[in-house]
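Take a look at the structure below.
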Amino acid sequence: MHPLRRLRRLLGPRLAPGARPPAPAAPAGPVELPQIGTPATIVGGRSPRDGYQRGWGLQHAGLADRVAAHPLYRAAVEASGGLSLLVEAKRMNLFLLLTGYGEALDARDVVEFGAYRGGNALFMAHVLRATAPGAKVYALDTFAGMPAVDVARDLHGPGDFQDTSLSDLAARRDALGLDNLVLVQGLFEDTFPGLVAQGARFGLAHIDCDIYSGAKYAVEAVWPRMAQGGYVVFDDADTSSCIGATEAAEDLMMARAIHSEQVWPHWVFRAHLADG
């Protein structure tokens, strides 16, 4: 691929010369969720009612159409610049979590373990800028491809997903005025302790790791830093090429004796919730 074409693909749609970054779309209120008969109780460390409303709603009850029509969702997708591999149903579910559930948490920051080209981090930062001023998105990645893998667990190999650029992502972030997006380069085990030392706590952790070691480290390290009721989301636990990530999610369930709040469009867990 010609270097200029590659640069354009990484940067996504460009702002016109002299154009100002788009202002955050004014929230049009939360998306209306489907009404169901499941009681609002905590069972097995999660709310089945919340999980059904989001997952079943997106899949079967027209919720996806309502999310797709929401002006903030549309603006955030535009901000992502086509730089994310996230399937749309998963992106919609993250939107629902960020816009409809965060206000009840005592921490609103987001951490993403595995940012790749940064499209989803741009998306979440745009949403948070409009709905939780002051909250930050921390996007963690080597920005140089996969590190060493466990060949007994992982299908991906070292160097996969190296077609990314930290400098290009930073340029797009700055052009969009997303000063709430913090890009953190390096291995998770080298960089996340620095956030812990700063006292960081999170309302949502998006674990977008295709390999066991990354997903395992991410969930074990972030769990103590989650707000009560915070959301831990595994992007790849349901992906055919990422059984290592599935194993990390299974380890969480067995170690914490909890159950998932959603298994579609991705696996979602709640942190530190007592049944009742």
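A short reminder: the numbers here are calculations on the coordinates, not readings from a lab. Just so it is clear, the model here is predicted, and its values are computed rather than measured. We place every Cβ from the backbone using ideal geometry, glycine too, and count neighbours over all the protein chains shown.
Quote the relative contact order of segment 133-276 in percent (integer), defining contacts as alpha-carbon pairs under 8 Å separated by 6+ residues. Mind showing how you got there, number by number?
Working: 233 pairs, mean separation 31.4, N = 144.
Here the relative contact order equals 22 percent.
Sorting SER80, SER241 from the fewest to the most surrounding beta carbons within 10 angstrom yields SER241, SER80. Summing +1 for each Lys or Arg and -1 for each Asp or Glu among the other residues whose beta-carbon sits under 10 angstrom from that of GLY134 gives +2. Using C-alpha pairs under 8 Å with a sequence gap of at least 6, the mean separation divided by the residue count of the chain gives a relative contact order of 22 percent.
Here ILE207, ILE42, ILE36 are placed in order of increasing Cβ neighbour count within 10 Å, fewest first, which gives ILE36, ILE42, ILE207.
Near LEU72, once Lys and Arg are set to +1 and Asp and Glu to -1 for all other residues with Cβ below 13 Å from its Cβ, the sum equals +3. Per-residue extension of 0.36 nm, minus the Cα-Cα distance of ASP190 and ASP238, leaves a gain of 14.6 nm for this segment. Of all the options HIS60, HIS70, HIS266, the one that moves most in a Gaussian network model of the chain with Cα springs shorter than 10 angstrom is HIS60. Between ASP106 and VAL151, the FRET efficiency from the beta-carbon distance, with R0 = 41 Å, is close to 0.50.
In plain terms, the chain from VAL263 to ALA171 could stretch by 29.6 nm, reckoned as 0.36 nm per residue minus the Cα-Cα distance. Counting charges near ALA200 (Lys, Arg +1; Asp, Glu -1) among other residues having Cβ under 12 Å from its Cβ returns a value of +3.
Using the rule -39500 (n - 2.57) for each DSSP H run of four or more residues, divided by the residues of the chain, the 222 nm mean residue ellipticity is -12000 deg cm²/dmol. Structure remark: mean-square fluctuation, Gaussian network model of the chain, C-alpha springs under 10 Å; the largest value among ARG108, ARG201, ARG66 belongs to ARG66. Once Rg/Rh (Cα atoms, Kirkwood Rh) is calculated for the structure shown, the corresponding label among (1) 0.97; (2) 0.95; (3) 1.03 turns out to be (2).
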